[in-house]
């Protein structure tokens, strides 16, 4: 088995100690260089952050908050630790949310994911992520450059021109969405074009259905996927098929209960929270809004870092009921008052065309008076009337949903 470096196979205790050493250094740096963190972490002693329990005590920065933060303090909400003179590029993602690229060669840490997918120095990579507005293509290009792989900036669309370039340049592999790769392969077959040089692909940006992976494998293309965001970069990457994704060595990852910053037990679905060690754009306890879970054990490939189950949906389940917004944080606040309740899920439906809220509570035994207290707390926190229903242990699915909208229009 070949690895990108020795970090991938180190003892988990050694990795944990290294991550928290880097965390303390990053906190010191962020307090000094970032206006946002100087404010939100004021009074913090970085030396005290030596454990996951201490980390969980730090405030979250939610991705959905960036739009307002960046409007208040343009263009990056004060999170940046460098000025424009030290930035290489600036991007705009939907929202809009603005991101920056600093001076590092591979600031989003994609070299490792590319290596795990099968790319090696000298391989020409056909890059079909967008080079327009968003950082998608540049995330992968930085990793390719660090790995020693030249890239062809294919971008998106123009299928026949993409195929023509592949026929002439004979790239070793592809990065982009899996659906576009399937379109290219099918179109090339219909045209009788030889793109058989494509042997490797690293895909992201959307789900990779098993049928699509199998169809591409039958054409001789080995496909692996990675989980990344425009803000964070690479978070986890696939090494074995259908065995989860190995967490990238350059991030400190937590899974927390949606609406809170509280870590959940291994295996429970929650929101992905990431701390990075970028000196240009430090993100500390950055709540991505994505749901996932930690898989038990380590990968059969020999890499010893945690494994993510993959992308399991969105954690920000805010919805509007009778004209009022209801947030996952409100449900979390209710549950915090009743520790005897294992899980809660607020189900919203509309029988007889009227919005209805039912707070489903998973509990082993129902104490006397709990039903009435919950009704009062639900109304207090949401300013709306609702109902309460109880289920036994295991009665609510482990899918990370805090608010479920079942309304039919």
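If a residue must be part of a loop (DSSP other than H, G, I, E, B) and either touching a helix residue (DSSP H, G or I) at 6+ places or on another chain (Cβ under 7 Å) or outside the structural domain of residue 287 (by TED's automatic domain parsing) (or both), how many such residues does the range 33-50 contain? Walk me through how you get there before you give the answer.
First, the residues of the range 33-50 that are part of a loop (DSSP other than H, G, I, E, B): 34, 41-45, 49-50.
From the residues that got through so far, the ones that are either touching a helix residue (DSSP H, G or I) at 6+ places or on another chain (Cβ under 7 Å) or outside the structural domain of residue 287 (by TED's automatic domain parsing) (or both) too are 41, 44, 49-50.
Residues in the range 33-50 being part of a loop (DSSP other than H, G, I, E, B) and either touching a helix residue (DSSP H, G or I) at 6+ places or on another chain (Cβ under 7 Å) or outside the structural domain of residue 287 (by TED's automatic domain parsing) (or both): 4 in total.
In the range 103-117 there is no residue matching the filter, namely being touching a residue at least 40 places away in the same chain (Cβ under 8 Å), assigned by TED's automatic domain parsing to the domain that holds residue 205, touching a strand residue (DSSP E or B) at 6+ places or on another chain (Cβ under 9 Å) and surrounded by fewer than 18 Cβ atoms within 10 Å (Cβ to Cβ).
Filtered by the rule that a residue be part of a strand (DSSP E or B), more than 26 Å from residue 292 (Cα to Cα) and touching a helix residue (DSSP H, G or I) at 6+ places or on another chain (Cβ under 9 Å), the range 353-409 gives 387, 388.
Does residue 197 satisfy the criteria of being touching a helix residue (DSSP H, G or I) at 6+ places or on another chain (Cβ under 8 Å), in the same structural domain as residue 282 (by TED's automatic domain parsing) and in a loop (DSSP other than H, G, I, E, B)? Show your work before the answer.
Numbers: touching a helix residue (DSSP H, G or I) at 6+ places or on another chain (Cβ under 8 Å): yes; in the same structural domain as residue 282 (by TED's automatic domain parsing): yes; in a loop (DSSP other than H, G, I, E, B): yes.
Yes, satisfied.
With respect to the conditions (1) at pLDDT below 95; (2) surrounded by 13 or more Cβ atoms within 10 Å (Cβ to Cβ), residue 95 falls short on a single one, namely (2). The set of residues in the range 266-288 that are in a strand (DSSP E or B) and within 24 Å of residue 4 (Cα to Cα) comprises 274, 275, 276.
For residue 140, state whether it is in contact (Cβ under 8 Å) with a residue 60 or more places away in the chain and not in a loop (DSSP other than H, G, I, E, B).
Numbers: in contact (Cβ under 8 Å) with a residue 60 or more places away in the chain: yes; not in a loop (DSSP other than H, G, I, E, B): yes.
Considered against the rule, which asks whether it is in contact (Cβ under 8 Å) with a residue 60 or more places away in the chain and not in a loop (DSSP other than H, G, I, E, B), residue 140 comes out as yes.
In the range 65-92, which residues are in contact with a strand residue (DSSP E or B) (Cβ under 7 Å, 6 or more places away or on another chain) and surrounded by 13 or more Cβ atoms within 10 Å (Cβ to Cβ)? Step through it out loud before you land on a result.
Restricting attention to the range 65-92, the residues satisfying the condition of being in contact with a strand residue (DSSP E or B) (Cβ under 7 Å, 6 or more places away or on another chain) are 66-67, 70, 75-76, 80, 87-92.
Correct list: 66, 67, 70, 75, 76, 80, 87, 88, 90, 91, 92.
Residue pairs whose Cβ atoms lie under 6 Å apart, sitting 6 or more positions apart in sequence or on different chains, and linking a residue in the range 178-202 that is on the phi < 0 side of the Ramachandran plot to a partner that is in a loop (DSSP other than H, G, I, E, B) and modelled with pLDDT under 95, are 178/208. Of the residues contained in the range 170-178, one or more are found to be exposed (fewer than 15 other Cβ atoms within 10 Å of the Cβ), assigned by TED's automatic domain parsing to the domain that holds residue 209 and either over 29 Å from the mean Cα position of the chain (by Cα) or farther than 26 Å from residue 121 by Cβ (or both). Looking at the range 308-351, the strands (runs of 3 or more DSSP E) lying wholly inside it that each contain 1 or more residues that are in contact with a strand residue (DSSP E or B) (Cβ under 6 Å, 6 or more places away or on another chain) and within 30 Å of residue 252 (Cβ to Cβ) sit at 343-349.
For the range 212-265, the set of residues classified as crowded, with 20+ Cβ neighbours inside 10 Å and in a helix (DSSP H, G or I) consists of 213, 216, listed by residue number.
The values are calculated or read from the model by the stated rules, or taken from the named source; none is laboratory data. What you are looking at is a predicted structure, and each value in this text was computed from that prediction instead of being measured. Positions of Cβ are backbone-derived with ideal geometry, glycine not excepted, and every protein chain shown enters the neighbour counts.
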